[in-house]
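The values are calculated or read from the model by the stated rules, or taken from the named source; none is laboratory data. Note that the structure is a prediction, hence the values are computed from the model and not measured. Counting neighbours? That spans all protein chains shown, and the Cβs are built from the backbone with ideal geometry, glycine included.
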Amino acid sequence: MNLQSDDFELMGLPRQFALDRAMLDERWKELQKQTHPDRFAGEGGVAQRVAMQWSVRINEAYQRLKHPLKRAAYLCELFGVSVRAEDNTAMPTDFLIQQMEWREALEEATREDHLNDLESEVASVKRKMLQKCEQLLVSEAGAQETVQTVRSLMFVERFAQDIDRRREQLEQ
């Protein structure tokens, strides 16, 4: 293993968007057992620090790969295409209109069933976006096209969190 390996190589998984979550979880546990600092307690401080570096690196890779949005953004980066979410917030007009409609629906939601309907719609859109990522993230050209979908997914995930917050408000 090499600390400089990409996350997929480190975890021994194919470099693709679609991942077997059970396999990822199993591989993470296996690598954590091999590199846990406690296993190196008798070998001194240097060995424990190296083991800690490995443990941290493995956890970072696991966290990035287990979350579909993070995995999509990471694959774009591996293909040499930056998502630039911090400084590029431009969105297609139809997506912005959809966001405004969702916001209005969220503000007007006064019952649990209203929130459930909105949540269902958002989940459906998210599934379609993730399917698009899976189809496109096989080449640099696909990664170029995926960047907009990844940025849109960031908004969709935040909105899903807003639905949860609204649900909490209604419960109070």
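Taking segment 104-134 as the region of interest, how many residues are among the basic types (Lys, Arg) and touching a residue at least 24 places away in the same chain (Cβ under 8 Å)?
2
Among the candidates Glu134, Glu26, single out the residue that is loosely packed, with under 14 Cβ neighbours inside 10 Å and either within 22 Å of the chain's Cα centre (by Cα) or within 30 Å of Arg165 (Cβ to Cβ) (or both).
That would be Glu26, the only listed residue that is loosely packed, with under 14 Cβ neighbours inside 10 Å and either within 22 Å of the chain's Cα centre (by Cα) or within 30 Å of Arg165 (Cβ to Cβ) (or both).
Considering only residues that are part of a loop (DSSP other than H, G, I, E, B) and within 24 Å of Ser124 (Cβ to Cβ), which ones fall in segment 64-89? Even if it seems obvious, please write down each step before you answer.
Step one: filter segment 64-89 for residues part of a loop (DSSP other than H, G, I, E, B), giving 67, 79-89.
Answer for segment 64-89, where residues must be part of a loop (DSSP other than H, G, I, E, B) and within 24 Å of Ser124 (Cβ to Cβ): His67, Val83, Ala85, Thr89.
Residues Ala47, Ala61: which one is part of a helix (DSSP H, G or I), outside the structural domain of Ala143 (by TED's automatic domain parsing), touching a residue at least 40 places away in the same chain (Cβ under 8 Å) and in contact with a helix residue (DSSP H, G or I) (Cβ under 6 Å, 6 or more places away or on another chain)?
None of the others qualify; the one that does is Ala61.
Which condition number in (1) in contact with a Pro (Cβ under 8 Å, 6 or more places away or on another chain); (2) at pLDDT below 90 is the one that Phe17 fails?
Result: Phe17 fails condition (2) only.
Test each condition in (1) surrounded by 13 or more Cβ atoms within 10 Å (Cβ to Cβ); (2) free of Cβ contacts under 8 Å to residues at least 40 places away in the same chain; (3) in the same structural domain as Arg166 (by TED's automatic domain parsing); (4) not small (Gly, Ala, Ser) for Pro37 and report the one that comes out false.
(3)
Given the structure, is Phe79 among the aromatic types (Phe, Trp, Tyr) and either in the same structural domain as Gln144 (by TED's automatic domain parsing) or over 20 Å from Gly142 (Cβ atoms) (or both)?
When the stated conditions are applied, Phe79 does not pass them.
Closer than 22 Å to Met11 by Cβ, touching a residue at least 60 places away in the same chain (Cβ under 8 Å) and surrounded by 15 or more Cβ atoms within 10 Å (Cβ to Cβ), is that true of Ala143? Working first, answer last.
Values: closer than 22 Å to Met11 by Cβ: yes; touching a residue at least 60 places away in the same chain (Cβ under 8 Å): yes; surrounded by 15 or more Cβ atoms within 10 Å (Cβ to Cβ): yes.
It is true that Ala143 is closer than 22 Å to Met11 by Cβ, touching a residue at least 60 places away in the same chain (Cβ under 8 Å) and surrounded by 15 or more Cβ atoms within 10 Å (Cβ to Cβ).
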